[in-house]
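Just below is one structure, and these are the notes that go with it.
Read-outs: derived from the displayed coordinates by stated rules, not from any lab. Quantities reported herein were computed from a predicted structural model and do not represent experimental measurements. Here the Cβ positions follow ideal geometry from the backbone for every residue, glycine too, while neighbour counts run over all protein chains shown.
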Amino acid sequence: MFDAVAKNISYLLGGYWITVKLTLFALAGGISLGILVGLGRISKKKWVYYPVTFYVNLIRNIPLILVIFWFYFVMPIIVGRPMDPFPSAVISFIIFEATYFGEILRAGYQSVSKGQIDAGYSTGLTYVQTTRYILIPIALRRMLPSMITQSIVTYQDTCLAFVIGLPEFVRRTTIVDNIEVRSIQLFGFVAILFLITCYISSVVSRRFEVKRERGY
Amino acid sequence: MIEIRDLSKWYGDFQVLDNINEEIKEGQTVVVCGPSGSGKSTLLRCINGLEPFQKGEVIVDGVSVSDRSTNLYKLRTEIGMVFQRFELYPHMTALQNITLAPMKVRNKSKKDAEAKAMELLQRVGIPEKAHAYPANLSGGQQQRVAIARSLAMEPKILMFDEPTSALDPEMIKEVLDVMIDLSKGGMTMIVVTHEMGFAREVADEVIFMDEGRIIERGTDVSFFKNPKNPRTKDFLDKILL
């Protein structure tokens, strides 16, 4: 019953591998940039706060698919030569996800008691040290469930990179479907693979939540 | 050791500190008491530069806190602070809470920092809790870890901001015992507290604050016996029962 899948399995899994790679790059970049975006959003320095807030509001009010689309078509005009779909998709995702992770982390930073920050300062730690060893670790741990949820969303959203011709999982499935004409079987396979991987992630996420209730 | 001259501070239009003058000599223990909102905590936070102030001067160990050229981070290594709500770092064990600053600020090796931390945990009476997380410690134990954390930087001054107010009665004594021990050991201390038993035993001076002003001061016993200000008398009657 999965004959069309079996016949094209290496091509399809090759696409899945691109999806996984895109997800990993998007998350690594999005979370790293998001840590800074979140710090910018709680900054008391106006020249930090306002530009960062503008960036967050701008990107969060544009559909992801348009961010991917625009970046791919505008970059060649700026840099003077066309960009490969993969790096273009990675950068678009980082720009987009950083705003969401940034907002999650802003909430996390704000949940850290000011007293714990003061305790750091009162032992002589600098702003950077206090942020690095106290603020960020506590916020990340506390926000872990939301971060995992957002990561799962990112993973699912990578399909949108098909608009710029990136041969990821869904796009390759479409290509195979055009030849084999077995839509239900092929897209059923895609759905099952996403279902299983996302479910496992959410189970992991829930375990962290339970742990959090126990600890802090 | 600490000199406070004409210190005033406002939050907007509201004056929190009004012309505070005080001198604390090395090895002295000064107890600050007064109703809530009288500016006690703010006073402590001005001394280690956690709060800026608009008028006056605070000089700690010869260094002016408000001077722009003063490195506040360096100054704070000399002034330990213990908070009402302990404020331990929840993601670190007791040992890690204590060793963080010595390792990052003083660049001590992990081994040296941990040896010193164990010595301090011994001193506050809970060496067996070295690897416990704050969530698994009682309030009294957390506060003792917090005191050890301050001591790890080997400060010249220790400030306590209502260190026993968030504790259950049976835990207050274990924390006070550590503080009495420190005071008798010659540490310079400023303690915001309403534990008058503690004040009687170790305070070289007791200050009573109200509405941002020091309205009464006395050397230990005289303060309790015959307060001059009716406001002080009223307050003492309430807390001494």
Q. What helices does chain A have that are whole DSSP H segments, at least 24 Å long along their own axis by Cα, and with mean Kyte-Doolittle hydropathy of 0.0 or more?
A. A:9-41, A:85-111, A:183-214
Q) Going by how many other Cβ atoms sit within 10 Å of their own, how do A:K45, B:K184, B:K233 line up, fewest first? A) A:K45, B:K184, B:K233
Q) Other chains near A:109-121: what is the mean number of their Cβ atoms within 10 Å of each residue's Cβ? A) 5
Q. Among A:G14, A:G115, B:M103, whose Cα lies farthest out toward the positive end of the dipole of the protein assembly as shown, if unit charges sit on the beta carbon of Lys, Arg (+1) and Asp, Glu (-1)?
A. A:G14
Q) Quick one: putting +1 on the C-beta of Lys and Arg, -1 on the C-beta of Asp and Glu, what dipole do you get for chain A around its Cα centre, in Debye to the nearest 20? A) 820 debye
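Could you check what % of the DSSP bridge pairs in chain B are antiparallel, to the nearest 5? Before the final figure, lay out the partial values.
Working: 19 of 36 bridges.
Close to 55 percent.
Within 10 Å of each residue's Cβ, count the other Cβ atoms and sort A:W47, B:W10 from fewest upward.
Working: A:W47 8, B:W10 14.
Going from sparsest to densest Cβ surroundings: A:W47, B:W10.
What does the charge count near B:L151 come to, summing +1 for each Lys or Arg and -1 for each Asp or Glu among other residues with Cβ under 12 Å from its Cβ? Walk me through the numbers on the way to the answer.
Values: positive: B:K116, B:R123, B:R144, B:R149, B:K156; negative: B:E119, B:E154, B:D181.
Result for the local shell: +2.
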Q. In chain B, which helices (entire DSSP H runs) extend 20 Å or more along their own long axis, judged by Cα positions, while averaging at least 0.5 on the Kyte-Doolittle scale?
A. none
Q. When we measure straight from the Cα of A:K46, which lysines land under 21 angstrom away, once same-chain ones fewer than 8 places off are left out?
A. A:K114
(Q) On the Cα set of the range B:113-190, report Rg and Dmax in Å, please. (A) 12.0, 33
Q: Report, please, the projected area of chain B averaged over directions, based on the convex hull of its C-alpha atoms, in nm².
A: 13.2 nm²
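Do the sum for chain B: with -39,500 (n - 2.57) for every DSSP H run of n ≥ 4, divided by all residues, what is the mean residue ellipticity at 222 nm, to the nearest 500 deg cm²/dmol?
Working: 9 runs with 90 residues, N = 241.
Taking each H run of at least 4 residues, the total per residue is -11000 deg cm²/dmol.
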Q: Compute the length gained on full extension between B:K111 and B:S165: take 0.36 nm times their separation in residues and subtract their Cα-Cα distance, giving the result in nm to one decimal.
A: 16.0 nm
(Q) What's the magnitude of the charge dipole for the protein assembly as shown around its Cα centre, counting Lys and Arg as +1 and Asp and Glu as -1 at the beta-carbon? Answer in Debye, nearest 20. (A) 1220 debye
Q. With each pseudo-label sitting 7 Å past Cα toward Cβ, what's the A:N57-A:L24 distance in nm, one decimal?
A. 3.8 nm
(Q) Just want the ordering: B:E216, B:E3, from fewest to most Cβ atoms lying within 10 Å of their own Cβ. (A) B:E3, B:E216
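What does the C-alpha gyration tensor say about the overall shape of the range B:52-182? Classify as rounded when a/c is under 1.5, otherwise prolate if a/b is larger than b/c, or oblate.
Working: a/c = 2.14, a/b = 1.39, b/c = 1.54.
Oblate is the answer for the range B:52-182, as a/c is 1.5 or above yet b/c matches or exceeds a/b.
Once you average over the residues of B:100-106, how many Cβ atoms of partner chains fall within 10 Å of each Cβ?
5
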Q. Along the charge dipole of chain B, which of B:I214, B:Y89, B:Q54 sits closest to the positive end, that is, farthest toward it, with unit charges on the beta carbon of Lys, Arg, Asp and Glu (+1, +1, -1, -1)?
A. B:Y89
Q. What nm distance separates the two modelled labels at A:F2 and A:R206, each placed 7 Å from Cα along Cα→Cβ?
A. 2.4 nm
Q | Between the range B:131-169 and the range B:1-71, the Cα center-to-center distance that results, in Å | A | 23 Å
Q. How far apart, in nm, are two points set 7 Å out from the Cα along the Cα-to-Cβ line at B:D204 and at A:I175?
A. 8.2 nm
Q: Give me the percent of DSSP beta bridges within the range B:107-217 that run antiparallel, rounded to the nearest 5.
A: 45 percent
Q. Could you list, bin by bin from short to long, the percent of Cα-Cα pairs of the protein assembly as shown in 20 Å steps?
A. 21, 41, 24, 12, 2
Q | Dipole moment magnitude, nearest 20 debye, chain B about Cα centre, only Lys, Arg, Asp, Glu C-beta charged | A | 600 debye
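On a 29 Å Cα-Cα criterion, which of the cross-link pairs B:K9/B:K156; B:K74/B:K116; B:K129/B:K184; B:K111/B:K156; B:K40/B:K228; B:K108/B:K173 come out too long? Show your work: numbers first, answer last.
Details: B:K9/B:K156 25 Å; B:K74/B:K116 20 Å; B:K129/B:K184 25 Å; B:K111/B:K156 24 Å; B:K40/B:K228 20 Å; B:K108/B:K173 33 Å.
Flagged as over cut-off: B:K108/B:K173.
Considering just Cα atoms, how many Å³ per residue does the convex hull of the range B:1-124 enclose?
On the way: hull volume 18.2 nm³, N = 124.
With only Cα atoms used, the range B:1-124 gives 147 Å³ per residue.
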Q: Can you tell me what the convex hull of the Cα atoms of the range A:1-101 projects to on average, as an area in nm²?
A: 8.5 nm²
Q. Any number yet on Rg/Rh for the range B:63-114, C-alpha, Kirkwood?
A. 1.05
Q) Considering only DSSP beta bridges with both partners in the protein assembly as shown, what is the antiparallel share in %, to the nearest 5? A) 55 percent
Q.
How big is the range A:68-216 along each principal axis, measuring the range of its Cα positions in Å and listing the largest first?
A. 67, 44, 16
Q: Can you grab the distance from the C-alpha centre of the range A:96-141 to the C-alpha centre of the range A:146-166, Å, no decimals?
A: 27 Å
